[in-house]
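Enquirer: Here it is, the structure in full.
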Amino acid sequence: MLLGVNIDHIATLREARKINDPDPLEAIFIAKRAGADQITMHLREDRRHMHDEDILRIAQSSFLPINIESSINPTIIEFLLKIAPHRITLVPENREEVTTEGGLNVVGNFERILQITKSFQEVGTQVSLFIDSEASQIEASKEVGAEMIELHTGSYANLHLMLFSNLPKMKNSIKELELPKKELLGLWEQSLESLKKGAKKANELGLGVAAGHGLNYVNLKPILEIQEIVELNIGQSIIARAIFVGLENAIRELKALLV
Ligand code: PXP
């Protein structure tokens, strides 16, 4: 199982003071040493964490493949086409959200995604689409010519948190998931089943399958058992753990769980 380390939240910490420290560029050397297989970053429309110059400097300096998450915003796409990273992962984006909520609607934006996919492939960039595990979105991903999909594990992860952690007792409890345990368990099992089904379908269509969002050291195991998933992109939980054990150890610990 390959590990893409999402380093956005190093920049989030920098932006808490709007200065130049910590520098996300430093993370790419540590990540390589710790056994990461890829660096993942998201250039959001509001530049709330990564800035254009971060993306440029990291893309120029990395010895690891770079996977850039991006919305289909024309200005960002134009900028990223010039960088021509190893991979682009198209994601939905809504300014109000705390993090990416829901998968990309490939069916609803078919022509635009088809065109973006072609443009990146012409500059040698692989295209992945971050989608919910739905048959229609998987089929549309194949039809636009993407090489990969990344299955959105956000719902699975949220349900896991509400079932197996103290989150329901905290201020950040996920209100819409304040449900009886039995109901939560049923929903969690359904979300896992849906990820399994989606991974299988995508694999049958010849798409590479990655997964990500909300994955952490304790909710990974059932995802690792889905044979078709070959790569995970993980950010927040690694950076959170890095505060206590250092980035290199946090990545090594995660990587050790992936075998
Ligand atoms: N994959 C994609 C497509 C994402 O948008 C994100 C969040 O930026 C991640 C993976 C990483 O999610 P997390 O930070 O919750 O691990």
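Read-outs: derived from the displayed coordinates by stated rules, not from any lab. Quick caveat, the model's predicted, so the values are computed rather than measured. A quick note on method: Cβ atoms are made from the backbone with ideal geometry, for glycine too, and the neighbour counts reach across all protein chains shown.
Enquirer: Report, in deg cm²/dmol and to the nearest 500, the calculated mean residue ellipticity at 222 nm for the chain, where each DSSP H run with n ≥ 4 adds -39500 (n - 2.57) and the sum is divided by the residue count.
Expert: Taken over the chain, the calculation gives -14000 deg cm²/dmol.
Enquirer: So how far, in whole Å, is the C-alpha centre of the stretch 227-257 from the one of the stretch 122-151?
Expert: 25
Enquirer: Regarding the stretch 97-139, what are the three Cα extents along the principal axes, ordered largest first, in Å?
Expert: Taking the Cα atoms of the stretch 97-139, the three principal extents are 30, 25, 15 Å.
Enquirer: Here is a follow-up. If we count every other residue with Cβ under 12 angstrom of Gln227's Cβ, Lys/Arg +1 and Asp/Glu -1, where does the sum land? Before the final figure, lay out the partial values.
Expert: Values: positive: Lys196, Lys200; negative: Glu225, Glu228.
Counting the neighbours of Gln227, the net charge comes to 0.
Enquirer: Using each residue's phi in the stretch 134-144, evaluate 6.51 cos²θ - 1.76 cosθ + 1.60 at θ = phi - 60° and report the 3J(HN,Hα) Karplus result to the nearest Hz, with x for Gly and Pro.
Expert: Here the 3J(HN,Hα) series is 10, 3, 5, 6, 5, 4, 5, 4, 5, 5, 7 Hz.
Enquirer: Could you please state, rounded to a whole Å, how far the C-alpha centre of the stretch 1-51 is from the C-alpha centre of the stretch 158-214?
Expert: 25
Enquirer: Could you go through the stretch 64-78 in sequence order and give the Karplus-derived ³J(HN,Hα) for each residue, using 6.51 cos²θ - 1.76 cosθ + 1.60 with θ = phi - 60°, rounded to whole Hz, and x for Gly and Pro?
Expert: In residue order, the calculated couplings are 9, x, 10, 10, 9, 8, 8, 7, 8, 4, x, 5, 5, 4, 4 Hz.
Enquirer: Quick query: amide H of Asn6 versus all other amide H atoms, modeled in the peptide plane; which residues come in under 5 Å with a sequence gap of 5 or more or a different chain?
Expert: Thr40, Ile234, Gly235
Enquirer: With a 10 Å cut-off between alpha carbons and a GNM built on the chain, which of Ser165, Ser62, Ser128 moves the most?
Expert: Ser165
Enquirer: A follow-up question, please. For the chain, set up a GNM with springs between Cα atoms under 10 Å and report which of Glu176, Glu147, Glu26 has the largest fluctuation.
Expert: Glu176
Enquirer: Still on this structure, I have one more. Could you work out the percent of alpha carbon pairs in the chain separated by over 34 Å, rounded to a whole number?
Expert: So the portion of pairs separated by more than 34 Å is 13 percent.
Enquirer: Also, quick follow-up: Using a Förster distance of 25 Å, how high is the FRET efficiency between Ala135 and Lys221, based on the Cβ-Cβ distance and rounded to 0.05?
Expert: That pair, Ala135 with Lys221, gives E of 0.45.
Enquirer: Would you mind checking the pairs Lys181/Lys255; Lys171/Lys255; Lys32/Lys196; Lys32/Lys255; Lys200/Lys221 and listing those with alpha carbons more than 20 angstrom apart?
Expert: Lys181/Lys255; Lys171/Lys255; Lys32/Lys196
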